[in-house]
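**Q** The structure under discussion is supplied below as structure tokens; questions concerning it will follow.
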Amino acid sequence: CSLQAGLAVLLKAERLFHSSYHSQAVHIRPVCRVGSRLSSLPEHPNRKSTLDASCVAVSWELRQTLTVVFDVFSSGQGKKDWSLFKMFSRTLTDACPLASQSKVYVDISPKNKEKELLEVTPPPTSVHEAVVQGDKKTYAVYDLLSPSLFNTSRSLNVQLKWKRPQDSSEMPIPVLHAQRYVGGYGLQSGEICTLIYNTHPYRAFPVILLETVPWYLRLYVHTLTIITKGKENKPS
């Protein structure tokens, strides 16, 4: 469908390149076909497989992702309200005819224990609850394949508005978050520091760190230093 239908309609280059952050990724992995169910192949031949013994047909799964971060609070003159049109200068018109699924998820989880006074329009087709990193999350789901979604209008502009005057309190920090900065100067003392925080009281999370190195920095692997809880971990 290219940019003519579906979620790809929002991919307007002018808006994406003026966002606070954007990145693309391609994930490829082998999957095993067992009837209509897809399961991951074991990562190591000696690892015990949880697949059905009758699995003999192997396929490759291709997944493309696009991550975009908009700072609507700064660009919106301190307002937390946002909409698809404000961020992308476009709205959704319909689903791609070739897509088996096409959904928009909006996180409407309250940042405090008390229910937040926020409103999402138009009303979602369903509400989904899930546990993410130990926290209960609530999502408003818009199914673009649902006939009722485009009954009144051929344009879907998801909007989130606050029903009460907005305070100046900062947004809650995720349980697992990171900070990154460049320090020093020159090839001798220049460095990249990445701080990863896990504030969960007892749970550990696997982390894959991918660094995007500025063009003006030259890195040397032997200078890599990993410090956990004040102690240095030397790579084996």
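The values are calculated or read from the model by the stated rules, or taken from the named source; none is laboratory data. Every value quoted in this text rests on a predicted model; they were computed, and no experiment measured them. Here Cβ is always computed from backbone atoms with ideal geometry, including for glycine, and neighbour counts include all displayed protein chains.
**Q** Name the single residue that is farthest from the chain's Cα centre (by Cα) among those in region 110-130 being modelled with pLDDT of 85 or more and closer than 25 Å to Leu176 by Cβ.
**A** Val127
**Q** Could you list all residues from region 23-38 that are more than 11 Å from Ser59 (Cβ to Cβ) and at pLDDT below 55?
**A** The answer is Gly35, Ser36, Arg37.
**Q** Let me ask you something else. Taking Thr67 and the conditions (1) more than 20 Å from the chain's Cα centre (by Cα); (2) under 22 Å from Leu10 (Cα atoms); (3) at pLDDT 85 or above, which numbered condition does it fall short on, given that it satisfies the others?
**A** Single failed check for Thr67: (1).
**Q** Here's another thing I want to ask about it. Can you pull out the strands (runs of 3 or more DSSP E) entirely within region 176-236 that have at least 3 residues that are out of contact with any His (no Cβ under 7 Å at 6 or more places or on another chain) and modelled with pLDDT of 85 or more?
**A** Counting at least 3 such residues, we get 176-183, 191-198.
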